[in-house]
Amino acid sequence: MEAFDPAELPELLKLYYRRLFPYAQYYRWLNYGGVVKNYFQHREFSFTLKDDIYIRYQSFNNQSDLEKEMQKMNPYKIDIGAVYSHRPNQHNTVKLGAFQAQEKELVFDIDMTDYDDVRRCCSSADICSKCWTLMTMAIHIIDRALKEDFGFKHRLWVYSGRRGVHCWVCDESVRKLSSAVRSGIVEYLSVVKGGQDVKKKVHLSEKIHPFVRKSINIIKKYFEDYALVDQDILENKESWDKILALVPETMHDELQQSFQKHHNSLQRWEHLKKAASRCQNNSKNDKCGPWLEWEIMLQYCFPRLDINVSKGINHLLKSPFSVHPKTGRISVPIDLQKVDQFDPFTVPTISSICHELDVISTKEEEKENGAESDIKHRTRDYKKTSLGPFVKVFEQFLENLDKSRKGELLKKSDLQKDF
């Protein structure tokens, strides 16, 4: 992977926006088939320029308008906002109170920093392969629920470019949801509750909701390797004291003693599970039971969502194919068929794809002596770099959106024929 030097970013961005950014697919996404008049034109974009200059309420007439502006501004970061009642770039000319956010995809933002109390390998902005499993579990858990529990079809998962993942739910009915309904959906998907001062963040009882049960089944597939081996959550007294804080006090003494006899997290975890079922049998204590180990598993592994991002219709979220200015990594779509294979450290950086392009361009120029036109060039340029497979994932997502839109239109026309 080409090393990324932030000082080169302005030049790299020029090349990226001129020859590599997948404008056609991007416009095809946000135009949603042009079914609703002015849907794209009323969408807010915000650009962060060099030196953190932040410009909100940008909007564009069409694809070529967007291209020209992006190539002129070279944004360090692109955020996507809501579809408004009026064109966002004219919001100052609209009567006060009339300019309203009307629609937006339902979005989720999962950030590794929210797990700092339960990951031992890294903290704040740092990530490694040992903690990335948290994101893998989060995608599986949230995506299963969106698909099966809510019936949402069009879910685009995107790597943030640094330490997290975003999800865009793009079904037509979902884009129209009110803020209250969005809050309800996030509430349903939230199990870990309480801020930094709250030690025990998960409380289960005998009646366990099917969503929680299914989530636990997903976590079980990863728990041993992730929590007991990679994170080694019962490695020493300091780490196991954190876990003892989550179990009834009546079990503390016995667990402290037995943990000292055992040699590793795997053995200590097995012992804790046995102690929990013994405690349940002996005391009929409603605090004991198999859900005790599940509470710990959920607290250490369950997705932590940023609620505010999801509930606000006018909330901005970083755009797919934006470049992360600190890492140089591209915010690429994640293939849902290959979530477990996704590796943030092999994601193309702006330096690597620009370098690939230079090498290809040099070879082609030698071959063709520059006969090919610039436009013909660009339509295929990203395909020749390691960005290509990620654009393909995006195109597959767009195909499904198109199919479903055509299906809806056919349904409507059939209904009209019946009258």
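The values are calculated or read from the model by the stated rules, or taken from the named source; none is laboratory data. Note that the coordinates shown come from a computational prediction; the quantities given were computed from them, not determined experimentally. When we count neighbours, we look across all protein chains shown, and the Cβ atoms used for this are built from the backbone with ideal geometry, even at glycine. The protein model used for the area step is the full one, side chains on, heavy atoms only, and it has no ligands, DNA or RNA in it. Shrake-Rupley method; radii C 1.70, N 1.55, O 1.52, S 1.80 Å.
Would you please name the residue that is surrounded by the most Cβ atoms within 10 Å (Cβ to Cβ), looking only at residues in region 25-39 that are part of a helix (DSSP H, G or I) and more than 24 Å from the chain's Cα centre (by Cα)? Outline the logic, then answer.
Initially, region 25-39 is screened for residues part of a helix (DSSP H, G or I), giving 25-34.
Next cut, more than 24 Å from the chain's Cα centre (by Cα) only: 33-34.
Working: Gly33: 14, Gly34: 10.
Across region 25-39, the extreme among qualifying residues is Gly33.
Residue-wise test of (1) basic (Lys, Arg); (2) assigned to a helix (DSSP H, G or I); (3) surrounded by 13 or more Cβ atoms within 10 Å (Cβ to Cβ).
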position	(1), (2), (3)
Glu11	no, yes, no
Gln41	no, no, yes
Ser46	no, no, yes
Asp51	no, yes, no
Lys72	yes, yes, no
Pro75	no, no, yes
Ile78	no, no, yes
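So, of the residues in region 383-411 that are under 27 Å from Arg329 (Cα atoms) and among the charged types (D, E, K, R), which turns out to be surrounded by the fewest Cβ atoms within 10 Å (Cβ to Cβ)? Quick ask: steps written out before the conclusion?
Narrowing region 383-411 to residues under 27 Å from Arg329 (Cα atoms): 383-401.
With among the charged types (D, E, K, R) added as a condition, the list becomes 383-384, 392, 395, 399.
Values: Lys383: 13, Lys384: 17, Lys392: 15, Glu395: 16, Glu399: 10.
The qualifying residue surrounded by the fewest Cβ atoms within 10 Å (Cβ to Cβ) is Glu399.
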Pairs with Cβ under 7 Å, 6+ apart, first in region 233-246 and under 21 Å from Tyr222 (Cα atoms), second among the small types (Gly, Ala, Ser) and part of a loop (DSSP other than H, G, I, E, B): none
Kindly check whether there is at least one residue in region 309-322 that is open to solvent by 20 Å² or more (accessible area, probe 1.4 Å) and part of a helix (DSSP H, G or I). yes
Go through (1) modelled with pLDDT of 95 or more; (2) open to solvent by less than 50 Å² (accessible area, probe 1.4 Å); (3) more than 15 Å from Asp171 (Cβ to Cβ) for His377 and report which single condition fails. (1)
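Looking only at region 53-63, which residues are outside any strand (DSSP E or B) and buried (at least 19 other Cβ atoms within 10 Å of the Cβ)?
Start the filter on region 53-63 by keeping residues that are outside any strand (DSSP E or B), which leaves 59-63.
Correct list: Ser59, Phe60.
Mind telling me which of the residues Val107, Val94, Val118 ends up being aliphatic (A, V, I, L, M), within 20 Å of Ile330 (Cβ to Cβ) and not assigned by the TED database to the domain that holds Ile233?
Values: Val94 fails: within 20 Å of Ile330 (Cβ to Cβ); Val118 fails: within 20 Å of Ile330 (Cβ to Cβ).
None of the others qualify; the one that does is Val107.
Could you run through region 1-52 and say how many residues are closer than 20 Å to Leu156 by Cβ and among the aromatic types (Phe, Trp, Tyr)?
Qualifying residue count, region 1-52: 9.
Yes or no, residue by residue, for (1) outside the structural domain of Thr136 (by the TED database); (2) modelled with pLDDT of 85 or more; (3) under 20 Å from Leu13 (Cβ atoms):
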| position | (1), (2), (3) |
| --- | --- |
| Val339 | no, yes, no |
| Thr349 | no, yes, yes |
| Cys354 | no, yes, yes |
| Leu357 | no, yes, yes |
| Ser361 | no, no, yes |
| Tyr382 | no, yes, yes |
Of the residues in region 295-325 that are aromatic (Phe, Trp, Tyr) and within 18 Å of Gln196 (Cβ to Cβ), the one that is farthest from the chain's Cα centre (by Cα) is Tyr300
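Please go through region 202-226 and pick out each residue that is among the basic types (Lys, Arg) and at pLDDT 95 or above. So that I can check it myself, show each step before the final result.
Start the filter on region 202-226 by keeping residues that are among the basic types (Lys, Arg), which leaves 207, 213-214, 220-221.
Those that are among the basic types (Lys, Arg) and at pLDDT 95 or above: Arg213, Lys214, Lys220, Lys221.
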